[in-house]
């Protein structure tokens, strides 16, 4: 079962986040083989605002354990967690994404469905080569559509937002995003 886990930072928690970076990475190392994508979102001045993890886990209980046992969550770095079932429509991980193009940026795009129900944007968009991760966010039953989550390479936020059909969503969030994991 695939899950989209979005831990949003508590304002003013950057110092604590930095103190826990090794614990965070050590925790994530345990899940490396199950990761589809991971990485932080950040402001234009590169202040972290959240952590995104998309991974394949055995069941919902394992996903909740992953989200709530995470060291940053336990220490109070995060103000909340969005944990949803997800479906990997690309069938690959971020590590299989083609190398970066000069001048392109990466964004997390979250489309919030107006209400649970029939899915929107369930087909991979034409900009497939610019998609790092893409799929529907689903209710716990794995069927009811709640929205879409995508990680995309684009020239700017407007280009990233255009991956989703705006008339199908109550709101679309666009956040600066970068590949996560231990620096090499």
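Key figures
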| read-out | value |
| --- | --- |
| Selection count, region 1-17, where residues are surrounded by 12 or more Cβ atoms within 10 Å (Cβ to Cβ), out of contact with any helix residue (DSSP H, G or I) (no Cβ under 8 Å at 6 or more places or on another chain) and part of a helix (DSSP H, G or I) | 1 |
| Some residue of region 165-174 being within 28 Å of residue 59 (Cβ to Cβ) and without any contact (Cβ under 8 Å) to a residue 40 or more places away in the chain | no |
| Residues being without any contact (Cβ under 8 Å) to a residue 40 or more places away in the chain and either out of contact with any strand residue (DSSP E or B) (no Cβ under 6 Å at 6 or more places or on another chain) or in a loop (DSSP other than H, G, I, E, B) (or both) - total across region 47-63 | 3 |
| Residue within region 27-45 that is surrounded by fewer than 16 Cβ atoms within 10 Å (Cβ to Cβ) and on the phi > 0 side of the Ramachandran plot present | no |
| Among the residues listed as 55, 20, the single one being under 23 Å from residue 152 (Cβ atoms), surrounded by 17 or more Cβ atoms within 10 Å (Cβ to Cβ), in contact with a helix residue (DSSP H, G or I) (Cβ under 9 Å, 6 or more places away or on another chain) and not assigned by TED's automatic domain parsing to the domain that holds residue 105 | 55 |
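Residues are listed down the side, and each one gets a yes or a no for (1) closer than 18 Å to residue 40 by Cα; (2) touching a helix residue (DSSP H, G or I) at 6+ places or on another chain (Cβ under 9 Å):
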position	(1), (2)
125	no, no
134	yes, yes
137	no, no
146	no, no
157	yes, no
167	no, no
181	yes, yes
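The values are calculated or read from the model by the stated rules, or taken from the named source; none is laboratory data. For clarity, every value in this text was computed on a predicted model and none was experimentally measured. Backbone-built Cβ (ideal geometry, glycine too); neighbour counts: all protein chains shown.
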